[in-house]
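One structure below.
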Amino acid sequence: MSHNTESKLFAPLKIGAIDVANRVAMAPLTRSRADMEGVHSELAVEYYRQRATAGLIISEATNISREGRGYAFTPGIHTDAQVASWRRVTAAVHAAGGRIVCQLWHVGRMSHSSLQADGAAPVAPSAIQAGEVVFLESQTLERPSMPRALETAEIARIVEDYRHAARCALDAGFDGVEIHAANCYLLEQFIRDSTNQRTDQYGGSVENRTRFPIEVVKAVAGVWGADRVGVRLSPITRAVGDTPLDSDPEGTYFYLAEQLGQLGLAYLHCVEGQTQGDNAAAGFDFKRLHASFGGMYIANNSYDREMAIAALESGHADMVAFGRPFISNPDLVDRLRRNAPLAEADRNTFYGGGAAGYTDYPVLPG
Ligand SMILES: Cc1cc2nc3c(=O)[nH]c(=O)nc-3n(C[C@H](O)[C@H](O)[C@H](O)COP(=O)(O)O)c2cc1C
């Protein structure tokens, strides 16, 4: 069982319209090594090339607009220079036989006025300040600024920003896109009633709170075709600083998964836990979430080899995404196949800096 190199984990799959060589996905990982214009250097090309044996790479979260940026040195996908830098990444991944989708990101209230044009306030469903921290150009961590509530008429403009970013991702040569509706960022701020206290058609009932995320998914699917679009959710994840959850996570997210399931998307990708440390916390039925969606499901959060094999065997998941293990094991698929030990990632080099802790983790000798 645990030594089963014949596991489905290493078998090819068609996920939506994307052919993948195995069921090991690389989870999206912000590494904060782009420049302040959101443009990648050649180091990112090397970093992703090294990890191209993953069945599917989900890129680090990538800003759809200047307004959507909440952390310094994160990449964007809305200017020509950003598209050109991503094109080098996708070409390198494809040349190495891999597949890569772009995670589309708008942070909403998790931003700081120093990262916004003209020092503007970040935008959010409601004017409620986040208790977390964001990373600034000054290399310091600070509490996000007080956001302003979006006017109803502005929502269509943000849907357009997503559409533009989706077109840019197509130009940049990605195989698809993943809409980041997880981890307490803009779309999730709309979904959860703790952060959405609007009284217009985008707040109140679950139908209203999921209206904007669904409008975004439909706009992006209009660019790509639904079978190249995935969505990431994290129904019970709390950000550092204890972001409040929805008052009824199962009711809200089962409804959303069912709506998304009707769109024929490539996949649903779920962070199954409250923090990065726990998996499938009691109190939320992820199997039922998958069933409500009805399509392909990528599971994530603290999976190891044994758990991943079991999740595929039982039908719980179609692919498993690994995050931290991919930071320190560029050859993760090979190590899992050989049941070889994994290297530990150094937290000190997760965010920012250069090659150290980014492109210098070795592969196992053949
Ligand atoms: C350094 C770091 C950066 C991350 N960046 C992102 C991100 O850009 N987008 C996202 O959806 N999740 C992000 N996550 C969460 C991971 O995708 C994943 O959910 C988490 O690490 C749990 O999976 P693991 O136990 O396999 O590491 C990040 C996690 C880490 C450790």
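The values are calculated or read from the model by the stated rules, or taken from the named source; none is laboratory data. Fair warning: this is a prediction, and the values are worked out from it, not measured in the lab. Here Cβ is always computed from backbone atoms with ideal geometry, including for glycine, and neighbour counts include all displayed protein chains. Note: accessible area is taken over every heavy atom of the protein model, side chains too, but ligands, DNA and RNA are not part of it. Shrake-Rupley method; radii C 1.70, N 1.55, O 1.52, S 1.80 Å.
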#### Entry: Test: residue in region 43-55 that is crowded, with 21+ Cβ neighbours inside 10 Å, under 24 Å from residue 161 (Cα atoms) and either among the hydrophobic types (A, V, I, L, M, F, W, C) or modelled with pLDDT of 95 or more (or both)
no
### Query
Looking at region 137-158, which of its residues are among the aliphatic types (A, V, I, L, M) and either touching a Pro at 6+ places or on another chain (Cβ under 8 Å) or surrounded by fewer than 17 Cβ atoms within 10 Å (Cβ to Cβ) (or both)?
141, 146, 149, 150, 153, 156
### Query
What single numbered condition from (1) touching a residue at least 12 places away in the same chain (Cβ under 8 Å); (2) farther than 25 Å from residue 27 by Cα; (3) open to solvent by 20 Å² or more (accessible area, probe 1.4 Å) fails to hold for residue 203?
(3)
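Take residue 239 and tell me if it is in contact with a Cys (Cβ under 9 Å, 6 or more places away or on another chain) and either in contact (Cβ under 8 Å) with a residue 24 or more places away in the chain or assigned to a loop (DSSP other than H, G, I, E, B) (or both).
Working: in contact with a Cys (Cβ under 9 Å, 6 or more places away or on another chain): yes; either in contact (Cβ under 8 Å) with a residue 24 or more places away in the chain or assigned to a loop (DSSP other than H, G, I, E, B) (or both): yes.
Judged against the criteria, residue 239 is a match.
Take region 181-194 and flag every residue that is open to solvent by 10 Å² or more (accessible area, probe 1.4 Å) and either closer than 13 Å to residue 107 by Cβ or within 16 Å of the ligand (Cβ to nearest atom) (or both). Reasoning before the result, please.
Narrowing region 181-194 to residues open to solvent by 10 Å² or more (accessible area, probe 1.4 Å): 183, 185, 193-194.
Scanning region 181-194 gives 183, 185.
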### Task
Mind checking which helices (runs of 4 or more DSSP H) fall wholly inside region 277-366 and carry at least 2 residues that are free of Cβ contacts under 8 Å to residues at least 40 places away in the same chain?
286-293, 305-313, 324-328
### Task
Scan region 219-228 for residues that are open to solvent by 30 Å² or more (accessible area, probe 1.4 Å) and either out of contact with any Leu (no Cβ under 7 Å at 6 or more places or on another chain) or at pLDDT below 95 (or both) and jot them down.
222, 227, 228
#### Entry: Only listed residue being within 10 Å of the ligand (Cβ to nearest atom) and open to solvent by less than 10 Å² (accessible area, probe 1.4 Å), chosen from 321, 317
321
